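Worksheet for the structure shown next.
The values are calculated or read from the model by the stated rules, or taken from the named source; none is laboratory data. Everything quoted here is computed from the prediction, not taken from an experiment. Note: ideal-geometry Cβ built from the backbone for every residue, glycine included; neighbour counts use all protein chains shown.
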């Protein structure tokens, strides 16, 4: 009896560990899915936009600590993280990306350069040391619904945040006029232009929105882990794999693939060493992609 | 048909190519060895091993349109094969007598491994090692190529997947340190068939072997590009469907080119190990792989010789600036990537090949700046 | 013409995209030496039919027999090697290569990776390229970059690139689109010359041109064969007129 | 307390000022071709090192950029501080130390390249540098080939002894065994869960730990796990540890991962008042990033803490903060790095020469009673005799000294 309940709680906790990873991966991947899936732009600096969000949260927390509103700051930090990453993305699109829409492989190289510059800038502004924002009391510690089960509050918060953001993205992409414009632009730029959609503006906002989502991902991530100048670059390959694995243009695919990869990685980590878990997860993803290059979920269309 | 081939070679374009090749040979074989002391020359030798990768990338990325972000995989495999042989030679039972298991590499002993793993065994043989350096990475590239190109995966997806493979290989090497030396890599390599590779004379000889191999590689690539395969690559980049519906198995052409690029990288990796004296996972991963693409982009993705200069210049810059302005260097490097991609899609070679265009570029930029500044100044007077 | 030998036999060919049948149970027989024109309103499935024959699209059911070889199981390049050449709707040539190089690259030898590496420009290659260039009226432009040719010349070059492979079945998707009247006439003459020893399938909208070249005409409508016959018969047919005028 | 330290700072500043003025005058005198105070160059330098009548050049080789910069910058600072202090006190054999700083940029091959440059081109008399095992392994063949001298500051896996290296940090056995003894004795620990970053030092250390736990302490290892450097997700690992319910979590997590590791422990309700966690890798440097909240009442086993109470250390901490700012922290490795130049000075003076062979020969037996960690002595195996201390983490980022054992380094050969 005691045995089964230990097994059960462990399984539950393991599932939760996977859910936390899933939340972060999905938050990262949503932004990338919009940028890469909808616009075909490969933004290697996506991770750095996540770092922007994380550092914004850090700054806000220091500020909040000094002015005594530590318990309320996190909502503000989320908004600020989104806004700053959005603005930075808007700027990047204006300065660089829009010149490269016809050369997707070149955006990859140029944005890699951008990520180097951003990393060095972080290093000079915030120092090389990993930082971690002071958390309000209600975000630390854990929630215990039953003995033996500790669900970290920050993890729960990230989970809720992920649900809210995903729902928001779904509303925006599939239930708003703006979403129709974005999808129209990506499917046929010329026609979209012809029916009076300002495609340039749509591009810019879409890109900035993707970056803003990365900013939120960063704010969420830094509450459960930490932030350094190169934090974002640790996630970039995984995030790209999530998007590609899910079938680039499909929101549902991105969610499913983030879930699969996160649970696989987290579950394997429980069974073997961390590095082997990573190797096996990645190898499986790559092999499946080789067999099914269009990703898990994609629509067959008449060419 | 030698006469015909020759006449085919010496068209106007080829003549300038030949002159450029001769200049490069002069630089690598005469000027640099005379101008630099052995320490600097050894560094140049190291940079030139990256040039192998860059030349391969000109073939597969510049001409074939296949952007691989995983050339570090092949560089690393070639380098590791060579390193395994040298490590075994350095780990003879006499010099490792103090280990708990003499005769195996020191890092295995530290990891409590009691016997040489099976896949290390054949690396006792130098001829096997040479073959492995050439075959193993090429075979791996072949497998990746078959899996990807036969299913028409290309472009961005190929780039991302090669990048993921580079990541996997790094994690694997670092994670299996008892078998691979882990993050430290395979270090303390001393002799090649009893010949001390750390002496100055050895460094000179290795430098020349390296330079000669590189020049040979360029000549081979030049020949490849002037063959029908070269034409096909250009055709492929432009209209892949047309090539396919002219009866070609496009996948095979791509696989072949990718394999050639991998082979070049592997030779570069092996020469790296010989000249630097060790190999580590930091040459396998994502960052070095992308850096090597940048060398190619800087030199000019369509220029075999430009790729060599690209590798030399970026590395010189890295070495020079990181000594004097360490922090500035990363900004410069980033700016270099962005600038080259934006303004010099054909890299430095583009500058030399189309001086007129360069002039136009400068003129346009200047005009644009003036145009941007002028209204700002005039605005108060206007509306 | 004594006994007509069938070169291409398509039976019950169907392809569907998510339930939409772009080509629906089509039967089509092309004889040796025949020039067949396929007409039909937009979206009738003409291009898709060619895609199915040359392997670009995979059929859901049915058979495509070419010289009694089932093409459905073959890869594109094997279909080409079996003797089927396909010209695309928009001229598809290699703009960065010269006309000469365009033709040489299409020469049917050295088609494997190693084969192309060791391909030698022997006299027969040069002669054949010259011959084809003369045929498609591009002798003068032989060493010009293909990207610099006029639209009509590009169309001819693409036909030349197919001719050099000497296919038994040539499929041309709108070969005179965007051509001047004079170019159309020249193209019609070219087609007549080249159809002497091979079969040709042409998709075309220009009825005058169709009349000039067609042996038989097949009308496709909504993925199905509406009728088949001579140009006169087709133009007189009620159903065809309705299909074109209606929707 | 604070006024006192301010006072001391001011004192230091004044003395630095005075010393600096002396230096100025000194160099002016030198300029005026006044004979150097030390013995003639030909006598102290027979191997063509970069030694002049008035100066001696050394190298400083760490990562000032890249992922390791976070850890290595403290070492650079400490080494430069020591060199400044030595110069202020008159230099070595009448010669001022000049430093050539090279950036390894967290890239091991780059370390080898820079090491070769320092030895072959710059002919430096000694190099202070390296941090990770990988960088040391990369430069080791260079130092042995070119007969250079390296002072290496980091606690490391041991299993190494080079003629050309003096190890000023502790090797694994020094750090591990006493700590395990202590935790077994005071906490009655029987079961251990070993956790480390995935590279040679944590792996070797855990192997030593496992051997000692199983053979000497007759305890049990209930888990041994490794995670790649830079990992930020430890949840599965934490679940495994919870399932195993060890008496002690033995942690050798390195670098930036520390922040996520301790934060997630706290989030999973593994805190110092319920669990015993002993680490040999988390110093003041890392805790600055983690925040004291998450490491509260965990234990560290190392040879130095910033809060050590002895006059040497108080002087050292004051000088360090005066030079690098009041909020700078000093971890174990930083202190060990500080010892390097001083040990070299002592050895050179004993040898009466800068020649590497002579300095190496003179090194064993060198004693330093002015070390911030207290008395140290160079052993014949090129490691130091030093103490191990157990510290308990308090909220305000500093460590209370709990207990120490005296221990000499073990020769691994």
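Checking the condition assigned to a strand (DSSP E or B) and more than 21 Å from residue B:110 (Cβ to Cβ), which residue from D:222, D:259 passes? Give the steps one after another, and end with the answer.
Numbers: D:259 fails: assigned to a strand (DSSP E or B).
Just a single option satisfies the conditions, and that option is D:222.
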(message) Looking only at the stretch B:45-96, count every residue that is free of Cβ contacts under 8 Å to residues at least 24 places away in the same chain and under 12 Å from residue B:270 (Cα atoms) and tell me the total.
(response) 0
(request) Return the residue satisfying two criteria in turn: it lies in the stretch A:93-125 and is more than 18 Å from residue B:337 (Cα to Cα) and within 22 Å of the chain's Cα centre (by Cα), and of such residues it is nearest to the other protein chains (Cβ to nearest Cβ). (result) A:123
(request) Please work out which one of (1) surrounded by fewer than 20 Cβ atoms within 10 Å (Cβ to Cβ); (2) modelled with pLDDT of 90 or more is the condition residue A:75 fails and give its number. (result) (2)
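Okay, residues lined up against (1) closer than 21 Å to residue D:371 by Cα; (2) within 14 Å of chain A (Cβ to nearest Cβ); (3) surrounded by 22 or more Cβ atoms within 10 Å (Cβ to Cβ):
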| site | (1), (2), (3) |
| --- | --- |
| D:77 | yes, yes, no |
| D:84 | yes, no, no |
| D:87 | yes, no, no |
| D:94 | no, no, no |
| D:115 | no, no, yes |
| D:124 | no, no, yes |
(message) Please determine whether any residue of the stretch B:175-182 is away from chain A (no Cβ under 14 Å) and touching a residue at least 40 places away in the same chain (Cβ under 8 Å).
(response) yes
(request) Mind listing whichever residues of the stretch B:113-155 are assigned to a helix (DSSP H, G or I), free of Cβ contacts under 8 Å to residues at least 24 places away in the same chain, within 14 Å of chain A (Cβ to nearest Cβ) and surrounded by 14 or more Cβ atoms within 10 Å (Cβ to Cβ)? (result) B:147, B:148
(message) Here is a list: B:307, B:270. Which entry is more than 20 Å from residue B:61 (Cβ to Cβ) and either away from chain A (no Cβ under 11 Å) or at pLDDT below 90 (or both)?
(response) B:270
(request) Tell me which residues, restricted to the stretch C:72-86, are touching a strand residue (DSSP E or B) at 6+ places or on another chain (Cβ under 8 Å) and at pLDDT below 90. (result) C:72
(request) Just name the residue that is nearest to the other protein chains (Cβ to nearest Cβ) out of those in the stretch C:109-140 that are surrounded by fewer than 20 Cβ atoms within 10 Å (Cβ to Cβ) and touching a residue at least 24 places away in the same chain (Cβ under 8 Å). (result) C:128
(request) Output the residues belonging to the stretch B:231-249 that are more than 7 Å from chain C (Cβ to nearest Cβ) and buried (at least 22 other Cβ atoms within 10 Å of the Cβ). (result) B:233, B:236, B:243
(request) Hey, could you check the stretch B:310-329 for residues that are closer than 18 Å to residue D:109 by Cβ, surrounded by fewer than 22 Cβ atoms within 10 Å (Cβ to Cβ) and modelled with pLDDT under 80 and say which is nearest to the other protein chains (Cβ to nearest Cβ)? (result) B:326
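Considering the stretch A:60-92 alone, what residues qualify as being in a helix (DSSP H, G or I) and either within 14 Å of chain B (Cβ to nearest Cβ) or over 20 Å from residue A:213 (Cβ atoms) (or both)?
Hits for the stretch A:60-92 are A:61, A:62, A:63, A:64, A:65, A:66, A:67, A:73, A:91, A:92.
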(request) Go through the stretch C:93-108 residue by residue and tally those that are crowded, with 20+ Cβ neighbours inside 10 Å and part of a loop (DSSP other than H, G, I, E, B). (result) 4
(request) Read through the list (1) part of a loop (DSSP other than H, G, I, E, B); (2) more than 27 Å from residue B:255 (Cβ to Cβ), then give the number of the only condition that residue C:167 fails. (result) (2)
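What do you reckon, is residue B:341 over 28 Å from residue B:87 (Cβ atoms), modelled with pLDDT of 75 or more, buried (at least 19 other Cβ atoms within 10 Å of the Cβ) and within 14 Å of chain A (Cβ to nearest Cβ)?
yes
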(request) Taking the options D:273, D:269, name whichever one is at positive phi and assigned to a loop (DSSP other than H, G, I, E, B). (result) D:269
(message) Going through A:168, A:210 one at a time, which residue ends up being surrounded by 17 or more Cβ atoms within 10 Å (Cβ to Cβ) and in a helix (DSSP H, G or I)?
(response) A:210
(message) Go through (1) closer than 30 Å to residue D:236 by Cα; (2) surrounded by fewer than 20 Cβ atoms within 10 Å (Cβ to Cβ) for residue A:179 and report which single condition fails.
(response) (1)
(request) Name every residue in the stretch D:181-199 that is assigned to a helix (DSSP H, G or I) and surrounded by fewer than 23 Cβ atoms within 10 Å (Cβ to Cβ), in order of residue number. (result) D:181, D:182, D:184, D:185, D:186, D:187
(message) Of everything in the stretch C:60-90, what is under 16 Å from residue C:15 (Cα atoms) and surrounded by 21 or more Cβ atoms within 10 Å (Cβ to Cβ)? Give them in sequence order.
(response) C:64, C:71
(request) With respect to residue A:156, determine if the residue is touching a strand residue (DSSP E or B) at 6+ places or on another chain (Cβ under 6 Å), within 30 Å of residue A:61 (Cα to Cα), crowded, with 17+ Cβ neighbours inside 10 Å and within 14 Å of chain D (Cβ to nearest Cβ). (result) no
(message) Given the criteria away from chain B (no Cβ under 13 Å), in a helix (DSSP H, G or I) and at pLDDT 85 or above, does residue A:258 qualify?
(response) yes
(message) Looking only at the stretch A:126-150, filter to residues that are facing another protein chain (nearest Cβ under 9 Å) and assigned to a strand (DSSP E or B); which one of those is modelled with the highest pLDDT?
(response) A:131
(request) Exactly one condition in (1) crowded, with 20+ Cβ neighbours inside 10 Å; (2) over 27 Å from residue D:373 (Cβ atoms) is not met by residue D:275; state its number. (result) (1)
(message) Please determine whether any residue of the stretch D:213-233 is buried (at least 23 other Cβ atoms within 10 Å of the Cβ), more than 11 Å from every other protein chain (Cβ to nearest Cβ), touching a residue at least 12 places away in the same chain (Cβ under 8 Å) and at negative phi.
(response) yes
